[in-house]
1. Scanning region 317-350 for residues that are surrounded by fewer than 14 Cβ atoms within 10 Å (Cβ to Cβ) and in a loop (DSSP other than H, G, I, E, B), which turns out nearest to the chain's Cα centre (by Cα)?
2. Hey, any hits in region 294-301 for a residue that's within 22 Å of Gly69 (Cβ to Cβ), crowded, with 18+ Cβ neighbours inside 10 Å and in the same structural domain as Ala160 (by TED's automatic domain parsing)?
3. Do the conditions hold for Leu165, that is, is it modelled with pLDDT of 85 or more and at negative phi?
4. So how many residues does region 65-93 have that are out of contact with any Gly (no Cβ under 8 Å at 6 or more places or on another chain) and of a type in the set (Ser, Thr, Tyr)?
5. Scan region 141-153 and give yes if some residue there is surrounded by 12 or more Cβ atoms within 10 Å (Cβ to Cβ), at pLDDT below 90 and either in contact with a Leu (Cβ under 8 Å, 6 or more places away or on another chain) or outside any loop (DSSP other than H, G, I, E, B) (or both), otherwise no.
6. Starting from residues that are assigned to a helix (DSSP H, G or I) and free of Cβ contacts under 8 Å to residues at least 60 places away in the same chain, keep the ones in region 10-24 and report whichever is surrounded by the most Cβ atoms within 10 Å (Cβ to Cβ).
7. Counting only residues that are surrounded by fewer than 18 Cβ atoms within 10 Å (Cβ to Cβ) and modelled with pLDDT under 90, give me the helices (runs of 4 or more DSSP H) lying completely in region 25-138 with at least 3 of them.
Amino acid sequence: MESSARRDSPILTPREIYERLDRFVIGQEAAKRAVAIAAHNHLKRIQARRMRRTSLIKKSNILLIGPTGSGKTHIARNLAEILSVPFTTVDATEYTEAGYYGKDVEVMVADLLFKSNHSIEDTQRGIIFIDEVDKIARRSQGARNGAGSRDIGGEGVQQALLKLLEGREVFVPMNVTQSFNRGDTVSIDTRDILFICAGTFSDLQDHGHLSEARVMGFGSAETQRLRRRITTKQLVDFGMLSEFLGRLPVVVQLDLLGEPELLRVLTEPPDSIVREYGELLGLDGIELELTEDALREVVRFSVDKGLGARGLRSIIEHVMADVMFEAPESRLRRITVDQDFVRSRLVGLEAGAGLGA
């Protein structure tokens, strides 16, 4: 890991962070810009604290809102690579309020500690990605003064996360498997840990998230799709605590990726799926050609099933299964995968069966 070695390197500008994200993340221009600015401000805050300067800069924790397969996890993972810091992904639904059966929220910091090879310094500069935060929305309808029913997997988790998001010294288990019986612990300061929370909030997006407006003047026959921002009030009504949202000052909405963007996802990034399969078959001395019509068929299937970018890999793996099985013994030096080949492999595939999330 390079994080310790690079901690004194010049701070990346928002443009530099954006341009590096842009190599691996297709589309989502507004989201990449917002994340780049938040990450830059986070780095400046860390620098000010390291120089023992009094600073007014608050934590730039991020809330990503977007449909499945829009790139929320992908953006966070690549941001960690760019900043050269430890990164861990956790599922909010696995945690419960302290004192109940389930994981305490401190365990997610312990997971980051494990990912950083138990380096406390690197851990305290890492990124924790908390997925499915919309699933910990407040569910209990009783009194809010503590006398009502307990919501240990919803509101209780949000309450427990407040101290981590704001920045406190917490005791976390040295071994993630000790989370239930509390073995050796270590003190971790979360003030410089960047938290990126994400959720689909599908109910909010299904109700007026996109609308159409007619363009006046030349080209008036066309329509434009306008994004309506999800407001803080809508999130509170959804079941998120206002205190929780207050510790996530950067709210970023991601768009549903269309066919053009998904086609670019398949081919353009340095780590694209098509490049990966080309390298795999290249090791067997076989040149792979995936025609544009074949790729469009894959993209069309993903869009029809609502799988987004996340489902592309599963679809390609299903399509290429027989080819990859026979490749090591094949005498062919070139394999062409066309539209008819893809269609024949996708026939009878159940909607979403074994694909996507």
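The values are calculated or read from the model by the stated rules, or taken from the named source; none is laboratory data. All values reported here derive from a predicted model rather than from experimental measurement. Every residue, glycine among them, receives a Cβ derived from its backbone with ideal geometry; neighbour counts consider all protein chains shown.
1. Glu350
2. no
3. For Leu165, the condition - modelled with pLDDT of 85 or more and at negative phi - is met.
4. So the count comes out to 3.
5. No, because not a single residue in region 141-153 is surrounded by 12 or more Cβ atoms within 10 Å (Cβ to Cβ), at pLDDT below 90 and either in contact with a Leu (Cβ under 8 Å, 6 or more places away or on another chain) or outside any loop (DSSP other than H, G, I, E, B) (or both).
6. If we take residues in region 10-24 being assigned to a helix (DSSP H, G or I) and free of Cβ contacts under 8 Å to residues at least 60 places away in the same chain, then Tyr18 is surrounded by the most Cβ atoms within 10 Å (Cβ to Cβ).
7. Because the criterion is at least 3 residues that are surrounded by fewer than 18 Cβ atoms within 10 Å (Cβ to Cβ) and modelled with pLDDT under 90, the helices (runs of 4 or more DSSP H) in region 25-138 that meet it are 29-50.
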